[in-house]
Amino acid sequence: MVIKTYLKTLLKMFRRHIARFISLVAMVVISIGFVSGIGSAADKIDYSLDNYYRNQNVSDFIIKSKSATGFTDEEINNLRAYFEGADIDGGMSIDLPVNAEEKLSLRLYFLDFENWTVNVPALIDGKAPETVLEAYCEQSDDVIKGYSVGEEVDLSPYGFALKVKISGVIQSPLTFNLGGEPSYNNPENAEFDPTIVGTDGMDCLENIIYIDKALLPVPTGDLYVAISDRSVFNRYSAGYIDYVTKTAETLEAEYNVKVITLADNYSFISLDFYSEKVLQIGYILMVAFLLVTALVALSNMTRLIDEERSQIACLTTLGYSPFGIISKYILFAMIATGIGAFVAYFVNLGLSHFIYFVFNYSFYMPAVSNRIALVFYLINVAFIAVATIGATVIAGFKMTGEKPADMLRPRPPKAGKKVLLERIPLIWNRLPFKYKSTVRNVFRYKSRFIMTVIAVAVSMALVMAGLALLDLCLFGGMDSSAIEGVAVLIVIFAGLLTVTVLYTLMKISISERNREIATLMVLGYKNGEVAGYMYREIYINVGVGLLFGYPVSALLVWFLLDVIVARTMAELSWFIWLIAPVIVMLFTGLVTLILYRRIVKVDMNESLKAIE
């Protein structure tokens, strides 16, 4: 019977506060869905890179003989013994000068097509060669021009009396960066930085052709080694880097060879680099969204509990413990958080796949992994749950700490106090009455004023962060479509955050001041004047929030640029500092339009009823 009564009370509370419940759910969806979507995208990239490494049997070492005659059978056997259990393919690569002035060359890879087990390519177009006179060509990118299927390539100008016909276009698993691959195309001279496009050595190769070794008896000059333990890679784990580095040093010391490791691979390094940057951005945004979510939850639950103060007073009088009283409010917050987290999971999935797709503008991305990326999502859920439930507990215990007699009486309106501006008669005496009341009201509700200022400042900082990254991608020479996509998402979700926060805080303000609004209507104020009465306070709060938003934005942007993308604030365009507050003000205007009907439709009769 007690449980049945409790459930009825709980259901009534949900029906009575459904708008507040939806607001809390929306806040959780935005916070968890967006932030975890960014973090999960980084995890998806990592999982996919690991799968790609295994599925294509990517080489950990490319061992190049320094001898003109290539490796002897004894040397090959010794290396096979050294890498016990490893897959090893032998081949030969020859660079043929095409244009000496532009330093362009054609590379020929002579490989054993029948036993191609390491660095297995993906067939992009055409078919596998059916005769030794048919060959593969490398897929085109920003450097490699590529050939068409069926095209004949005459190699006689380069000292080979033969022609080969291109039967298929392939994508090497070692070169999936659209900007080229300096680590293999010009390993001796390449000086590459993942943040810079057009690095030295990236324009050396005009084309790449793969020819069956059966066509021409060339020596084995290259060995491609895929170690047997594929789990050690684990997206450039510290153990893997240490292993390949020390092994390369040992091989170069003991054999007359040049060793290129996967730790030198530009495509893998650059994709891993940007994945790490996306993850770092996710952690920064997690802190910002967590702060705002906690503020909104505290405002929501404080107002909800305040509206039920008389019921809490009765339960306190009947001897219920403080925790017993606030348990239903905790359950309210938990259910809202649970539903929000559930919906946020699908937002997270959509955003992570979108970001992964955007990476295709910079890379030939591996097939996306089916492995579920839950780590970042669960971290966000845990933090947001603690924030919302913690805010509920704080608001609940604060209320249950009051005397029942005080809680049974309606909370009296906050008294207006003199503000600093009143001490300047030259200004104060010239202000119309409506502006004087607005200024006093702004500082009368200090807690809401502070919450709005903090929320707006953080929202503006998030917008600035997105604009800063976007500015660097568009005008600052940071060529990364992936980061550009993340930047656009940051601006969009910062806008959604602004709308949700301001809507929640303004709605609470209106519900708390229904009697005040009804009184203005009784006094003959028109709809526009009543709305203006509320709007003026809102825009003053937002204006102050924007002023505080500049130092908060500067701090966030500085950290983002200096720590994550190694850029300085001096590289940013000046106009983005003007665009960010305009975007926030536009969203504020949208919220005021949405709330206009709620303001002018206040029921005067109900609002003016009060227990004195």
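The values are calculated or read from the model by the stated rules, or taken from the named source; none is laboratory data. Fair warning: this is a prediction, and the values are worked out from it, not measured in the lab. Using ideal geometry, Cβ is built from the backbone for each residue, glycine included, and neighbour counts are taken over all protein chains shown. Just so you know, the surface numbers come from the protein's heavy atoms only, side chains and all, with ligands and any DNA or RNA stripped out. Shrake-Rupley method; radii C 1.70, N 1.55, O 1.52, S 1.80 Å.
Determine the relative contact order of the chain: mean sequence separation of Cα pairs under 8 Å and six or more apart, normalised by residue count, in whole percent.
It comes to 19 percent, rounded to a whole number.
Given just the C-alpha atoms of segment 487-568, how large is their convex hull per residue in cubic angstrom?
Convex hull volume per residue, Cα atoms: 106 Å³.
Hey, what D do you get for segment 273-387 in µm²/s if you plug the Kirkwood alpha-carbon radius into Stokes-Einstein at 10 °C and 1.306 mPa s?
Taking Rh from Cα pairs, D becomes 92 µm²/s.
Relative to the compact globular guide of 2.2 N^0.38 Å, what is the alpha carbon radius of gyration of segment 310-368, as a ratio?
Compared with the compact-globule rule of thumb, segment 310-368 sits at 2.19.
Quick check: the angle from helix 433-444's long axis to the longest principal axis of the chain, C-alpha only, nearest 10 degrees?
With rounding to tens, the tilt is 70 degrees.
At 1.4 Å probe size, with every protein chain present, just tell me what the per residue accessible area of the chain comes to in Å².
Numbers: 28260 Å² over 612 residues.
I get 46 Å² per residue for this part.
Hey, which of these cross-link pairs are over 18 Å Cα-Cα: Lys66/Lys145; Lys446/Lys526; Lys66/Lys258; Lys12/Lys507; Lys145/Lys258; Lys403/Lys446?
Beyond 18 Å between Cα atoms: Lys66/Lys145; Lys446/Lys526; Lys12/Lys507; Lys145/Lys258; Lys403/Lys446.
Solvent-accessible area of Asp406, probe 1.4 Å, all protein chains present, reported in Å² to the nearest ten, please.
Result for Asp406: roughly 60 Å² accessible.
How do Arg597, Arg444 stack up against each other in accessible area, from largest to smallest, with a 1.4 angstrom probe?
Largest to smallest exposure gives the sequence Arg597, Arg444.
Over segment 457-553, what is the relative contact order in whole percent, taking alpha-carbon pairs under 8 Å and six or more residues apart?
Dividing the mean separation by the residue count of segment 457-553 yields 47 percent.
Before rounding to the nearest 500, sum -39500 (n - 2.57) across all DSSP H runs of length at least 4 in the chain and divide by the residue total; then give [θ] at 222 nm in deg cm²/dmol.
One gets -20000 deg cm²/dmol as the mean residue ellipticity at 222 nm.
How do Trp577, Trp558 stack up against each other in accessible area, from largest to smallest, with a 1.4 angstrom probe?
Putting Trp577, Trp558 in descending order of accessible area: Trp558, Trp577.
Might you work out the accessible area of Leu318 for me, using a 1.4 Å probe with all protein chains in place, and round it to the nearest 10 Å²?
Leu318 has an accessible surface of roughly 130 Å² with all protein chains in place.
Evaluate the distance, in nm, between pseudo-label points positioned 7 Å from the Cα of Leu593 and of Leu11 along their respective Cα→Cβ axes.
Between Leu593 and Leu11, the label points sit 4.0 nm apart.
Distance between Cα centroids, segment 210-244 to segment 327-367: provide it in whole Å.
Comparing the Cα centres of segment 210-244 and segment 327-367, I get a distance of 37 Å.
Can you sort Lys507, Lys213 by 1.4 Å-probe accessible area, starting with the largest?
If we order Lys507, Lys213 from most to least accessible, we get Lys213, Lys507.
Anything over 22 Å Cα to Cα? Flag those among Lys8/Lys398; Lys398/Lys436; Lys127/Lys165, in the order listed.
In this structure, Lys8/Lys398; Lys398/Lys436 lie more than 22 Å apart at Cα.
Does anyone have the angle between helix 266-307 and the longest principal axis of the chain? Alpha-carbon axes, 0 to 90°, nearest 10?
Its long axis makes an angle of about 10 degrees.
Rounded to the nearest Å, what's the spacing between the alpha carbon centres of segment 76-112 and segment 146-163? Just the number, please.
Centre-to-centre (Cα) distance: 19 Å.
At a probe size of 1.4 Å, how large is the accessible area of Ser140, to the nearest 10 Å²?
The accessible area comes out at roughly 50 Å².
So how tilted is helix 73-82 from the main axis of the chain? Cα-based, degrees 0 to 90, rounded to 10.
Tilt relative to the chain: about 30 degrees.
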